[in-house]
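Report on the following structure.
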Amino acid sequence: MKNSMKGWQASTFAQKVIDYYEQHGRKHLPWQGTRDAYKIWLSEIMLQQTQVATVIPYFEKFIQYFPTVEALAEADNELVMHLWSGLGYYSRARNLHKAAKMVIQQFDGQFPQTTQQLEQLPGVGRSTAGAIAAFAYQQPTAILDGNVKRVLARCYAIQGWPGNGQVLKELWSRAEQNTPSKSTDKYNQAMMDLGAMVCTRTKPKCDICPLATKCLAHQHNIIDQCPGKKPKKARPSQSTYWLIYIRDGKVLLEKRPPSGIWGGLWSFPEKEQITDLEVSHELEPILHKFSHYDLHIQPLLVDNSPHINNSLQINESNNNDWFELQRLADIGLPAPVSKLLQQLASQ
Ligand code: SF4
């Protein structure tokens, strides 16, 4: 499938994206129209997990209080955190303050210029470093934020989850391949804009997308599968044995402790492990699904010889009782216990 994208040169891809920027891209955001790396860095950190409209007033407030990286570095941490309040992901604010101090102390007050140095600043990853280098210093550096990942994953029908190392590598390789050496800042801005405004998570506007003619996910109608979602963790599971004692038409049930699953209901005596399976017959296993885990139940019909019962250490106590199998008393029973009792009664 990927081969059909071959007919589209990286330069054509980039040109279409830049054309989109010229016509529709966002050009008047408060951190645009400047080459001040400090302001660009500040905006990029704020935009990492937050949408543009939310970021704007925070950005303006920060620039008002801390017009330079020196001002931010010298600020009281309480004030930095206070001004960040409401923007969320507060580790960004802590890292921001640390990074400002680092620029003053380790880079002599000059904002670093290479992506390698930029990545040394707390909170600055590869994509943020690429954005700062492109926007502030016109370097041909690629970016790969969440929006760009989505656009590229769809264009190239990459169905894996971007949190997976291999998938991320492939996305970076596509990002690098398409990033032009000229007008990189416009291209990067346009890719962010496309992801935010056209190739949206749900209901992308393919009819106005400049990449639609070659977008593989669009062509193959698999947009909702690109990129792939985070794989769900396997549901936890537990297993237990139910010991079924039947004597003289009566069945032994045990009242469960008041708290925990099926609290206070009557169930079969349970064991987590059985060492001597010869004393019993295995019945059909039961899978019971709780909201947070699966319970695998192996019911065992226990041989009713008393000495064998003793070997399984079932003691009659206040917590258990014998009930007529054919005329079950009006007692609280978990659904799978009730179902199994009905089966036993009908045999
Ligand atoms: S054609 Fe649709 S799915 Fe493909 S990049 Fe454009 S908006 Fe996204």
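The values are calculated or read from the model by the stated rules, or taken from the named source; none is laboratory data. What you are looking at is a predicted structure, and each value in this text was computed from that prediction instead of being measured. Ideal geometry is used to build each Cβ from the backbone, glycine not excepted, and the neighbour counts take in all protein chains shown.
If I filter region 102-111 for residues that are buried (at least 16 other Cβ atoms within 10 Å of the Cβ), within 17 Å of D193 (Cβ to Cβ) and in contact (Cβ under 8 Å) with a residue 60 or more places away in the chain, do I get at least one hit? Looking through region 102-111, none of the residues is buried (at least 16 other Cβ atoms within 10 Å of the Cβ), within 17 Å of D193 (Cβ to Cβ) and in contact (Cβ under 8 Å) with a residue 60 or more places away in the chain. Within region 108-144, the set of residues being over 20 Å from K169 (Cβ atoms), not in a loop (DSSP other than H, G, I, E, B) and not polar (S, T, N, Q) comprises L118, I132, A133, A134, F135, A136, Y137. Restricting the search to region 76-123, which residues are aromatic (F, W, Y) and touching a Leu at 6+ places or on another chain (Cβ under 7 Å)? None; the set is empty.
Counting only residues that are surrounded by fewer than 19 Cβ atoms within 10 Å (Cβ to Cβ) and touching a Gly at 6+ places or on another chain (Cβ under 8 Å), how many does region 59-91 have? Count: 2. Any residue at all in region 190-197 that is touching a Phe, Trp or Tyr at 6+ places or on another chain (Cβ under 9 Å), more than 11 Å from the ligand (Cβ to nearest atom) and either farther than 17 Å from I158 by Cβ or not acidic (D, E) (or both)? Taking every residue of region 190-197 in turn, at least one turns out to be touching a Phe, Trp or Tyr at 6+ places or on another chain (Cβ under 9 Å), more than 11 Å from the ligand (Cβ to nearest atom) and either farther than 17 Å from I158 by Cβ or not acidic (D, E) (or both). Can you work out which of the residues in region 327-343 that are surrounded by fewer than 16 Cβ atoms within 10 Å (Cβ to Cβ) and not small (G, A, S) is modelled with the lowest pLDDT? So, considering only residues that are surrounded by fewer than 16 Cβ atoms within 10 Å (Cβ to Cβ) and not small (G, A, S), the one modelled with the lowest pLDDT is D330. For residues in region 238-260 being in a loop (DSSP other than H, G, I, E, B) and touching a residue at least 60 places away in the same chain (Cβ under 8 Å), which is farthest from H296 (Cα to Cα)? For region 238-260, the residue satisfying everything is G249. Of everything in region 138-165 that is over 17 Å from the mean Cα position of the chain (by Cα) and not hydrophobic (A, V, I, L, M, F, W, C), the residue that is surrounded by the fewest Cβ atoms within 10 Å (Cβ to Cβ) is Q138. In region 132-144, is there at least one residue being farther than 30 Å from V69 by Cα and not small (G, A, S)? The answer is no, given that none of the residues of region 132-144 is farther than 30 Å from V69 by Cα and not small (G, A, S). Considering region 1-95, the qualifying helices (runs of 4 or more DSSP H), each wholly inside and each with 3 or more residues that are within 23 Å of H218 (Cβ to Cβ) and in contact (Cβ under 8 Å) with a residue 24 or more places away in the chain, run over 10-24. What about Q189, is it among the polar types (S, T, N, Q), assigned by TED's automatic domain parsing to the domain that holds E119 and over 29 Å from V55 (Cβ atoms)? Against the criterion (among the polar types (S, T, N, Q), assigned by TED's automatic domain parsing to the domain that holds E119 and over 29 Å from V55 (Cβ atoms)), Q189 does not qualify.
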